[in-house]
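This report concerns only the one structure given below.
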Protein chains: 2
Amino acid sequence: MKLEKLVGDRFKERPSDCQIDSHAIMVRGGYIKYVANGIFSSYMPLRRITRKIENIIRDEMDKVDGQEVQFPVVMPASLWEESGRFTSVGSELLRFRDRNGSQMVLGMTHEEAAVQLVREYGQSYSKYPFMIYQIQTKFRDEARPRGGLIRVREFTMKDAYSFHTSQEDLEQYYAKCHQAYENVFRRAGVPEVISVASDSGMMGGNVSHEFMLLTPIGEDSIAICDECGYSANMEAAECIYEGVSTLQNTELEKVHTPDKHTIEDVCEYLGADPKKSVKAVVYQRNDDDAYIVVFVRGDLDVNETKVRNYIGCEFHPAVITEECGLHAGFIGPVGITESCTVLYDRSLQGENDLVCGANETDYHYKGFSPARDADIKEYGDFAKITDGGICPCCGKHSIKVSRGIEVGNIFQLGTKYTKTMGMTYLDANGESHNPIMGCYGIGVGRLAAAVCEAHHDDYGPIWPISIAPWQVHICAVRADDEEVKNTADALYQTLESSGVEVMYDDRKVSAGVMFSDADLLGLPIRVVVSPRNLKDGCIELSTRDKSVSVKVSAADAVDEIQKLIKELEAKCV
Amino acid sequence: MKLEKLVGDRFKERPSDCQIDSHAIMVRGGYIKYVANGIFSSYMPLRRITRKIENIIRDEMDKVDGQEVQFPVVMPASLWEESGRFTSVGSELLRFRDRNGSQMVLGMTHEEAAVQLVREYGQSYSKYPFMIYQIQTKFRDEARPRGGLIRVREFTMKDAYSFHTSQEDLEQYYAKCHQAYENVFRRAGVPEVISVASDSGMMGGNVSHEFMLLTPIGEDSIAICDECGYSANMEAAECIYEGVSTLQNTELEKVHTPDKHTIEDVCEYLGADPKKSVKAVVYQRNDDDAYIVVFVRGDLDVNETKVRNYIGCEFHPAVITEECGLHAGFIGPVGITESCTVLYDRSLQGENDLVCGANETDYHYKGFSPARDADIKEYGDFAKITDGGICPCCGKHSIKVSRGIEVGNIFQLGTKYTKTMGMTYLDANGESHNPIMGCYGIGVGRLAAAVCEAHHDDYGPIWPISIAPWQVHICAVRADDEEVKNTADALYQTLESSGVEVMYDDRKVSAGVMFSDADLLGLPIRVVVSPRNLKDGCIELSTRDKSVSVKVSAADAVDEIQKLIKELEAKCV
C-alpha cells in the first residue's frame, strides 16, 4: 500500500510518558493509541504484526494437535465460584453485574471455561489426551499498567489447555508444548527467549515454566547459572547458603539498643556482621489480619512468593499495633508472642552467636543460637536468591540475577480445576478419576512489544521479516522526477503482483522525512529509488538491520529483493 | 484430522430448548456450548467456520482500501459521554466500574473508539477519505437473547468506519461497500441475501441498509415489492393509503358504547367498517412519563420506530391513570386533554364519517370528520405497512411482508459523531469542518448461523465449501477390514499432503453412526470407502447437498475429489 494512505501519525519526539523504548517507538511510529490506563487501540501496522504472530502460534499449536476453540470474554461468576477463584483471586479479576443483576466476570484466563467446555466430552479415558486453545481478548484489572504493551489491562492472548489421564502423559505433552513455544519465539525472531522454572501462583499446580526475554527493562528477576544452565524466576529459585557459623558459642546476652530499629543499624551499633544477625519481617493475612513473622539471616531478603505458597493465602505488610504483642524494630525469636505464625528461614539453621531482637523496646540479644535458645520445629526456604549466590543445581557461586519480560508461560496444573469443577472420566476398569491438566499461555501484544524491545535502534524497530507489517519499503526519493516515479511505480506493481508485501512511499517529501518514517515502520528490506542512483542505472537495496546495503541494477532489482526476502525468512524458520 | 480426536459431542435428539433449526444443529453437531444466557463457547468446527468467514470479510474490506485496526473491548465511559450515547443508549450498553472506581463500558459498537483513533490523524483534508475496520468481540446486554447464535449477548463482529470530506464522496464509498457486502455474502455461500432500506436507530444518520437473509424464523419484518424491487425494513417502510372516504358528510353524533373498549368491538357494535374508525394508541415517554397519543385508521397498526424518530426519545406503553385525563378505550381526537402529545397518522387525512372515542367513559362519536371536528395541524407517517399494501415506490398493491435475519448493515452516519466528539479537518481554503462518516457491520457468528439456517436438511448443515470447517469427509466403513483401512489411510494422506482439508473417520463404528456424524459436520464432499465398493475397485463420492453421487475408481479418486472441490469453490467466488 501507499504510505500516504496509512492511517496514523509518525513523529520524532519521544513522548515524555514513555519509560521504555518499545512503548516510545509504538507511540512515535503510529502503532498504538492510548485509550485509557492500560488500554490501547492498534493501528494497522501493529494489527498486521499481531496477526502474523497469531498465525505462527496457531501453526505451532496445530502441530501439537491443538484444536482451536473460542471461549467467552464475559463469563458467569458461577463458573469461577465452582473453581473457588471467584473469591481467591484479587481485584485484578473484574467483576460486575449484568442488566438482570447476574454476577459476571471478564475473563483474565480460561481454565474454568475450558473445563466447562469439555466436561461432558471427556467422560471416557478413550477420549484422552486432547488439547484445546483459543486466541482471544482478555482483561486483567492491573493495579499498575506500565510500559506500553508490556503490562496492559486488555490484551490478546493465546491460551491452551490440555487434558490427560496420567502425570506421565501430561509430562510428555508438556515437553512437546515447551518445544512448540521455543519454535514460536524462534519463528517470531526472538530465539534468545529462554525458559525458566517459575512459581505457579494463582494458577495452581506444581511444575511451571516462564519464557523470558532478558532485558534490563524487564519486570521479572531471573536467577541464571552460567555454569550448569540452571534458570528460575527469583520467585521460584531455591536459596542455598553456606554456613557462616564461627563455632564461637557465646552466651545469650540482652543489650540496650536505643532507637536502633533496623537490623543494619543494630549491627553497626553492635559491630556485628549482618550475616550474623536475624532479620524479622512481619505480614498480616488478608483474610483475618493475623500476624506472620518471618525470620531470615540479616543479609537476606524475604521471598514473599515462597511465604505465600507455604501459608497458602494472600497477605500484606503488617501494621504493628500496641496490642499485638510485637515490638516493631525489636522482634526476635526468643519469647515471641504465641499469637502469630512464626517462620524460620533455612539460613538460620545451624548458626550461632547471632544478633536478634529481644521482643522488648530498645533491646536486642547478642549470642543467640537458634538451636539452643528458641523452640524451632522447622526451617523452610523463605529467602530470595542473590546475585553471586549459590546455584541450587550445581552448587557453585555462579548465580547471576538478570531482568526479563515474560512472553509466555506453561503450567502443569494437575487436578486443581477438574477436582473443584467435578470433571471426571472412567478408566478402562470403570473407575472414576479427575483428568490432569496442563495450560499454556502467550501474550500476543506483549510478544510484539518484546520483539521491539529486543530489536530496535534509536530510530525505530527492526522487525524480523516473519512478523514485520510489510516486507519491503520502497522510497521514491524525488517522486516528482518522472524516471524515479516510473521506476518505483513499476517496481511496486511487480512486487505486489508477485505476492510481496510492499509499503510504497511516493510522497513529495524530503529524503530525510522518508527515511525517518521508514525507520519507524522498521520493515526489513528498504529499496531506495533516487535520481542520483538511476543515473548509474541502479537502485539501492538495504536491510533495516544494516547488515546488507548494496546497489543493484534496476533490471535485477525484483530478483535481488526476492532473494533477500528468502534469506531473511530463512532466519525465522 | 481424525474424527475420533475431534473434541465435542454429536447426538441425534433435538434439544427441547432449541426453537430454530440452526440452533439445534449447532448444539447437536458439537459446534457450540451454552455458557450463560446469550453467551456460548465455540468448538473447533465452528471456530474454523468463523475464521473462514472472517478471512472472506477481511479480503473484501482490504479490497475497498480498508485498514485493519483493533479497538478495545473495554472502553472508558468518558468516550461515550463525548458522543452522548453513555446516557442515550439503554441498558444493552453494559456499564461497570473498574478497581479504581472509573466508569467503563463494554463495546457494543465502536464509533466513539474510531473517532478517538483518528481524531488527530484526520486534521487535513488531504488525508481523506480513509476507512478503518476491526474484527473483534463485542458485548450487547440483550434483554432477550434467543435462537442460538442469532441473537446473543457476546459476539464477534466486523465493524468498519469510513471518513469523508463530502456527502458525495461518502455516497460513492457507501456504494462500494454495498458491493463489498454483496461479495461477502455470495462468497460465504448465501447469494440470496438481499439489501433493504432500514431505520438508522441509535446509530444516527439518515441513509442505511440492512442485509437480510429471508427466512420464516427471522426476527425482522421486511416489506418487499415484487413489481419494482423496492425493499425496506418494516420499521422504515413508508406507508401509503388509498382514501376510503365515502363523501357522506354526516353529523358528529355521540353514541353510548358501554364496555366497548377496543376499536374492533366498537365497530362491530356500531356496524362500522374498521377502516372507517380511529384507533388510539397511548405511550409514555421514558424521560418524564408524559403521555403520547397516536391516532391511526382503525385497520392499521402504529409503527413505533416512526414515532420514536419523530418525537426523538424512547417511550413505553402507557399506564393510564385516573388523573391523566385520558379514558382508556374511549380516547378520541375531539376534546382530548391538552396535557399530552397527539400525533395523527396520514391515513386519517381527508377522511370523514369515522367512529372515534368521545373522551368520556362508555361513549364514542359517529360521523367524525378530522378536518371539520378537530384542530389538526399536521399529519405524519406513523403506521405500519401491511401485506398487500401499496408500494411507496411504484404505487401498486404489491407489498409482501417477509421475515428475515439481519446479517449485516451499513449506515451513512453523517457528522453525528465527529461533531459531538470535536473531530475537525481543515479544507484546502483553511476552513474547518467535521468529517462525514459511514459505518459498516457484519456479525460473524450470526452469519454462520444464518448460512446454516438457509442451508440444512433434517440431518444437519450443508456448509458451502468456502466456509465449511473441512472440505472432505472420508468415511472408512468397516475400518477393521485391512483393504478399507489401507485405501482410506492412503487417500487421507494424499489429500492432506496436497493441501485438502480432510476429516477422516476411521472409527470402528457402524456405517449409520458414521453417516449421521458426517451429516452433522456437513462437509461438502463425502468419500465412502467400504468393502462392498472396493470389491468393484470403487469408492463412493458424493456431495452433502446430494447434487453429486458417483462411484469412481480408487485410482482416480484423488483427481476426482480435486475436480469436485474446484467445482464447488466456483460457486462461492
Residue identified as surrounded by fewer than 20 Cβ atoms within 10 Å (Cβ to Cβ) and touching a Lys or Arg at 6+ places or on another chain (Cβ under 9 Å) among A:Phe139, A:Phe86: A:Phe86
If I ask for residues that are farther than 24 Å from A:Glu81 by Cα and buried (at least 18 other Cβ atoms within 10 Å of the Cβ), which ones from region A:411-443 would you list? A:Ile442, A:Gly443
Positions within region A:371-428 being of a type in the set (A, V, I, L, M, F, W, C) and closer than 23 Å to A:Glu168 by Cβ, in sequence order: A:Ile410, A:Phe411, A:Leu413, A:Met423, A:Leu426, A:Ala428
Region B:206-247: number of residues that are more than 18 Å from the chain's Cα centre (by Cα), modelled with pLDDT of 85 or more and aliphatic (A, V, I, L, M): 1
Could you list, ordered by first residue, the pairs with Cβ atoms under 8 Å in which the first is in region A:272-286 and under 7 Å from A:Gly298 (Cβ atoms) and the second is surrounded by fewer than 18 Cβ atoms within 10 Å (Cβ to Cβ), at least 6 apart or interchain? A:Pro274/A:Glu264; A:Lys275/A:Val244
Of all residues being in contact with a strand residue (DSSP E or B) (Cβ under 7 Å, 6 or more places away or on another chain) and either in a loop (DSSP other than H, G, I, E, B) or buried (at least 18 other Cβ atoms within 10 Å of the Cβ) (or both) in region A:47-57, which is nearest to the other protein chains (Cβ to nearest Cβ)? Just the residue, please. A:Arg47
A:Val184: more than 14 Å from every other protein chain (Cβ to nearest Cβ) and surrounded by 22 or more Cβ atoms within 10 Å (Cβ to Cβ), yes or no? yes
In the set A:Gly430, A:Gly460, A:Gly438, A:Gly422, the lone residue that is under 17 Å from A:Phe211 (Cβ atoms) and at pLDDT 95 or above is A:Gly438
When region B:366-417 is checked residue by residue, the ones that are part of a loop (DSSP other than H, G, I, E, B) and without any contact (Cβ under 8 Å) to a residue 60 or more places away in the chain are B:Ala374, B:Asp375, B:Ile376, B:Lys377, B:Glu378, B:Tyr379, B:Asp387, B:Gly388, B:His397, B:Thr415
Of all residues being surrounded by fewer than 24 Cβ atoms within 10 Å (Cβ to Cβ) and touching a residue at least 24 places away in the same chain (Cβ under 8 Å) in region B:60-70, which is farthest from the other protein chains (Cβ to nearest Cβ)? Just the residue, please. B:Glu60
Which number in (1) among the β-branched types (Val, Ile, Thr); (2) at pLDDT 95 or above; (3) touching a helix residue (DSSP H, G or I) at 6+ places or on another chain (Cβ under 6 Å) marks the one condition that B:Ile150 misses? (2)
Here, strands (runs of 3 or more DSSP E) confined to region A:72-147 with at least 3 residues that are more than 9 Å from chain B (Cβ to nearest Cβ) are A:130-139
Name the residue that is farthest from B:Thr50 (Cα to Cα), counting only residues in region A:148-162 that are part of a strand (DSSP E or B) and more than 9 Å from chain B (Cβ to nearest Cβ). A:Arg151
Looking at region A:1-46, which of its residues are in a helix (DSSP H, G or I) and at the interface with chain B (Cβ under 10 Å from one of its Cβ atoms)? A:Glu4, A:Lys5, A:Met44, A:Pro45, A:Leu46
Quick one: is B:Leu354 within 16 Å of B:Ile263 (Cα to Cα) and touching a Gly at 6+ places or on another chain (Cβ under 8 Å)? yes
When you scan region A:447-559 for helices (runs of 4 or more DSSP H) that lie fully inside it, which ones turn up with 2 or more residues that are of a type in the set (Phe, Trp, Tyr) and farther than 20 Å from A:Asp9 by Cα? none
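The values are calculated or read from the model by the stated rules, or taken from the named source; none is laboratory data. Here the structure is a predicted model, which is why all the values come from computation and not from measurement. Note that each Cβ is placed from the backbone with ideal geometry, even for glycine, and that neighbours are counted across all protein chains shown.
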